[in-house]
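Report on one structure; see the data block that follows.
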Amino acid sequence: MFKTKEEFKYEFSKRIIEAYGRTVEESHITEKFMVLESMVRDYASVNWAMTKMAVQQKSMKQLHYFSMEFLIGRLLVNNMMNLGIYDIAKEGLAEFDINIHELEELEADAGLGNGGLGRLAACFIDSLASLSYPAFGQTIRYDYGFFKQKIEDGYQVEVPDQWLQLGYKWEVRKPKHACEIKFWGKVIWNDKKGKWEHVEAESVRAVPYDVPVVGNDTLITNTLRLWKAEPSENIPVNKDFQQYANEVNMICQTLYPDDSTLAGKILRLKQQYFFVAAGLNSIVRAHLRVYKDLSNFHEKNVIQLNDTHPVLVIPELMRILLDEYDYEWDDAWEIVKHSCAYTNHTILAEALEKWPVDMMRDLLPRVYQIIEEIDRRFVGFVKQKTDGNEDILNKVRIINNGQVHMAHLAIAGSFSVNGVAGLHSEILMTREMKEFNDLYPGKFNNKTNGVTHRRWLAYSNPELTALLKETIGDEWIKEPDQLTCLNKYVNDSIVQAKFYNVKQKRKQVLADYIKEHNDIDVDVNSIFDIQVKRLHAYKRQLLNVMHIIYLYQEMKQNPNFRIYPRTFIFGAKAAPSYYFAKKVIKLINSVADKVNNDPETNQFLKVVFLENYGVTLAEKIMPAADVSEQISTAGKEASGTGNMKFMLNGAVTLGTLDGANVEIAERVGEDNVVIFGLRDHEVEALKASHSYSAWNYYNNNPKIKKVVDSLTDGTFHPSREEFKIIFDELMSKNDEYFLLADFEAYRQAQEKINDLYQQRQKWSAMCLKNIAEAGYFSSDRTIEEYVRDIWHLEKVKH
Ligand SMILES: *Cc1c(COP(=O)(O)O)cnc(C)c1O
């Protein structure tokens with residue numbers, strides 16, 4: 001492989017000629033891009049092969065991270081940086097008159113996820129490889145990723161995400177690892193063999209596509225395995241082939257664009273079983289290539305279930321052990337229970353996954369039968385533990401009221417259950433899953449989320465990285481805790497000034513992007529106040545908009561009321577069927593139109609909605625933020641990870657004490673965040689007392705009344721019906737997420753931001769303090785905790 005610029009150039013031009021029969025000068029830019037990508041993949045392949053060999057030869061335990069979503073984004077820059085070949089490639093290409101950034105822009109985002117949960121999986125596999133732990137990611141190779149968002153006349157329009165259009169050079173098809181997955185049919189008892197048999201099933205072929213996961217400064221390269229469904233050679237006899245082929249193709253066609261409600265669709269259940277069964281099949285076969293049987297399966301494999309979507313791993317592994325390898329129930333259950341660990345991501349009731357018994361029995365007859373037996377035995381265990389307490393049994397049963405409760409199955413079949421931030425885990429243990437915590441003392445634990453500081457700081461913010469290097473060196477890239485060395489410089493006025501300049505540069509980059517895409521001029525000297533995340537009522541983008549409306553109204557009414565210039569920036573996709581969320585997007589855009597075009601106020605107040613928020617856009621946004629809006633109703637956001645990306649880039653969190661905001665505030669201290677609003681126990685008490693009245697706030701606070709009235713009085717839309725649903729959510733439905741209760745506290749917190757930002761040195765010190773403490777929120781720390789407490793892996797050395 002190339003080691004120098006000259007070798008790179010030779011290899012690059014050779015490959016262009018080989019692949020396209022043209023010289024570098026004559027080749028098309030997409031050809032140059034694809035050749036560069038395949039060169040980087042092949043460069044990584046050497047370590048990839050070595051890693052597989054080393055893991056096998058040393059009989060190492062491996063992690064298998066099962067997730068319906070991996071929101072990995074682009075890989076080209078990340079992989080070149082991790083391999084340490086970025087500069088060679090950049091300079092080599094420059095000598096061919098090729099700007100590497102132009103090639104980078106051709107890469108599609110692998111948007112195989114919705115938001116935080118999928119992005120977490122992506123950060124985790126990056127950290128696992130960079131820390132040299134042997135690990136596999138298992139997921140689905142969706143033909144279309146998360147939809148592309150367009151804004152037309154202020155409304156969200158969804159366009160299919162054709163991410164495979166140019167071909168995906170990172171993946172390698174592995175037909176030799178293909179297997180058959182069975183759906184439908186029925187279960188019969190075979191007396192001769194003395195076991196259950198799944199007959200008259202419809203087979204689907206699962207083919208893996210492997211993507212190398214390149215670690216930073218390590219010889220380790222792990223694998224992300226994407227499963228694709230194809231027609232089986234055993235075509236079902238009673239079905240038209242065309243219909244069968246269509247059904248098969250549907251399995252991997254689309255990612256469900258909704259991360260919080262159960263898509264009650266059989267296709268979703270099919271997707272889940274498809275990748276779970278295929279993934280397990282390949283793990284079992286790999287295990288049996290090295291060991292004589294499966295009795296040590298749990299000593300050599302650990303399976304992490306990212307939320308409940310892959311929980312069918314539990315009954316499917318039982319099925320394999322019982323039906324294919326003739327294990328007794330108790331022995332099989334011991335292996336399963338010691339192999340699986342489950343991560344809970346939400347306590348929102350509507351997101352707790354349940355499947356109708358009939359649907360599951362029809363689609364997966366044998367798996368359902370096993371779940372029934374797991375439930376039967378679990379009921380016995382609960383009765384014995386609780387002296388037959390019916391209330392408790394009702395709360396914890398796996399099969400209840402004709403539904404299979406996936407979280408309950410997950411807890412019963414795993415040796416570890418973790419939440420994703422301190423507050424979230426505490427709520428699980430003491431409130432939402434208290435009965436389970438009592439049944440299984442010690443099974444519950446916390447693993448506060450993290451983000452990879454390589455992608456989210458080192459690579460996406462080269463200007464800040466350069467400043468950190470000149471100030472504290474670059475050890476933090478390997479050991480993010482070393483960012484605390486910056487503590488010494490928090491009050492250093494020279495470092496403060498340099499930081500301020502870096503921030504201004506990055507704000508200019510975003511301002512240029514906004515000019516190009518939204519045709520709005522924004523002032524880089526204004527405060528960049530940013531809220532980017534999925535659009536959801538509990539995340540309270542609406543509270544942010546209501547405050548903007550308030551500022552606008554106040555400035556219009558009172559010529560002496562003026563704020564320090566502020567640019568409010570939003571980015572958010574709404575689930576296509578989430579009507580309220582889409583109306584909030586329209587409202588943001590309507591407010592933006594009004595205030596941006598009002599010459600009386602627009603030197604003080606601008607509002608920008610950035611279309612199509614995703615990983616690549618986030619990499620541009622995070623470095624440019626002054627203020628990070630993390631304003632969910634306390635108790636609702638399990639962790640948040642956007643908050644951590646902002647912090648790494650030196651933004652100040654304006655937030656509620658929710659999710660990981662609590663830990664951010666603890667680490668930087670109360671002077672370096674702006675915290676406001678009801679706390680989790682206060683929200684709970686308010687709910688329990690049934691005393692909350694949105695109308696009271698409306699009637700007693702004229703500011704609130706004026707803002708709420710503007711939703712339906714024609715201020716922002718000629719039709720008074722346009723935002724009626726938002727008015728109704730707040731007033732008729734009594735404001736489920738307590739926006740009005742928190743409005744005044746939020747307004748005051750925003751006033752505080754307004755004052756703090758004008759004290760430039762103090763503000764810069766706050767930002768530096770946030771960067772100094774952000775190392776804790778690296779996913780490297782999170783992964784080390786999972787390894788220590790749950791996975792017990794060794795590092796690969798070769
Ligand atoms: C980090 C990230 C998220 C999660 O953001 P939260 O603010 O934690 O909800 C969602 N989408 C993308 C593209 C991200 O990069």
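Please arrange LYS556, LYS182 by counting, for each residue, the other beta carbons lying within 10 Å of its beta carbon, fewest first. Neighbour counts put them in this order, fewest first: LYS556, LYS182.
One equal scatterer on each Cα of segment 119-190, no solvent, Debye formula: the resulting log10 I(q)/I(0) at q = 0.26 Å⁻¹ is -1.24. Computed from point charges on the beta carbon alone (+1 for Lys and Arg, -1 for Asp and Glu), the dipole magnitude for the chain about its Cα centre is near 620 Debye. Cβ-Cβ distance of GLN508 and GLU600, R₀ of 25 Å, FRET efficiency by 1/(1 + (r/R0)^6): the value works out to about 0.40. With θ taken as phi - 60° and the Karplus curve 6.51 cos²θ - 1.76 cosθ + 1.60 applied, the whole-hertz 3J(HN,Hα) list for segment 752-766 is 5, 4, 3, 6, 4, 4, 6, 8, 4, 5, 4, 4, 4, 4, 4 Hz, x standing for glycine and proline. The stretch between ASP97 and ALA745, if pulled fully straight at 0.36 nm per residue, gains 227.8 nm over its current Cα-Cα span. For PHE609, nonlocal amide neighbours, meaning residues 5 or more places apart or on other chains whose placed amide H falls under 5 Å from its own, are PHE570. Can you tell me the relative contact order of the chain? Whole percent, Cα pairs under 8 Å, sequence separation 6 or more. The value is 14 percent. Using 0.36 nm per residue and subtracting the Cα-Cα separation, the extra length available between ASP519 and ARG788 on full extension is 91.8 nm. Distance from the Cα centroid of segment 138-175 to that of segment 659-694 is 37 Å (rounded to whole angstrom). Once C-alpha pairs closer than 8 Å and six or more residues apart are averaged by separation and normalised to the residue number of segment 56-120, the relative contact order reads 54 percent. Sorting PHE8, PHE96 by the number of Cβ atoms found within 10 Å of their own Cβ, with the fewest placed first, yields PHE96, PHE8. DSSP beta bridges fully contained in the chain are about 45 percent antiparallel.
Across segment 1-57, Cα pairs under 8 Å and at least six residues apart give a relative contact order of 24 percent.
Taking other Cβ atoms within 10 Å as a rough exposure proxy, PHE415, PHE570, PHE147 sort from fewest to most as PHE415, PHE147, PHE570. Centre-to-centre separation between the Cα atoms of segment 346-404 and those of segment 573-592: 37 Å.
Couplings for segment 480-485, taken from phi via the Karplus curve 6.51 cos²θ - 1.76 cosθ + 1.60 with θ = phi - 60°, read x, 4, 5, 4, 4, 4 Hz in order; Gly and Pro are left as x.
Label sites at LYS58 and ARG679, each approximated as a point 7 angstrom past Cα along Cα to Cβ, lie 4.6 nm apart.
For GLU390 and LYS706, the difference between the fully extended length at 0.36 nm per residue and the C-alpha to C-alpha distance is 108.7 nm.
Under the rule a/c < 1.5 gives rounded, and otherwise a/b versus b/c splits prolate from oblate, where does the chain land using the Cα gyration tensor? Because a/c hits 1.5 or more and a/b fails to exceed b/c, the chain counts as oblate. Rounded to the nearest 0.05, what FRET efficiency is calculated for LYS14 and GLN162 with R0 set to 30 Å and r the Cβ-Cβ distance? Computed FRET efficiency for LYS14 and GLN162 comes out at 0.45. Share of pairwise Cα-Cα distances greater than 18 Å in segment 1-132 is 61 percent (whole percent).
Taking label points 7 Å from Cα along the Cα-to-Cβ direction, ASN246 and ASP713 give a separation of 5.4 nm.
In order along segment 669-674, the Karplus-derived 3J(HN,Hα) couplings, from 6.51 cos²θ - 1.76 cosθ + 1.60 at θ = phi - 60°, round to x, 5, 6, 10, 9, 10 Hz, and Gly and Pro are given as x. Distance between the 7 Å Cα→Cβ label points at GLU6 and ASP358: 7.5 nm.
Over segment 343-405, the ratio between the Cα radius of gyration and 2.2 N^0.38 Å evaluates to 1.22. The trypsin sites (Lys or Arg not before Pro) of segment 245-279 that meet both conditions, a loop assignment by DSSP and at most 16 other Cβ atoms within 10 Å of the site Cβ, are LYS265.
FYI, it's all coordinate maths here, none of it is from the lab. From a predicted model like this one, the values you see are computed outputs, not experimental measurements. Using ideal geometry, Cβ is built from the backbone for each residue, glycine included, and neighbour counts are taken over all protein chains shown.
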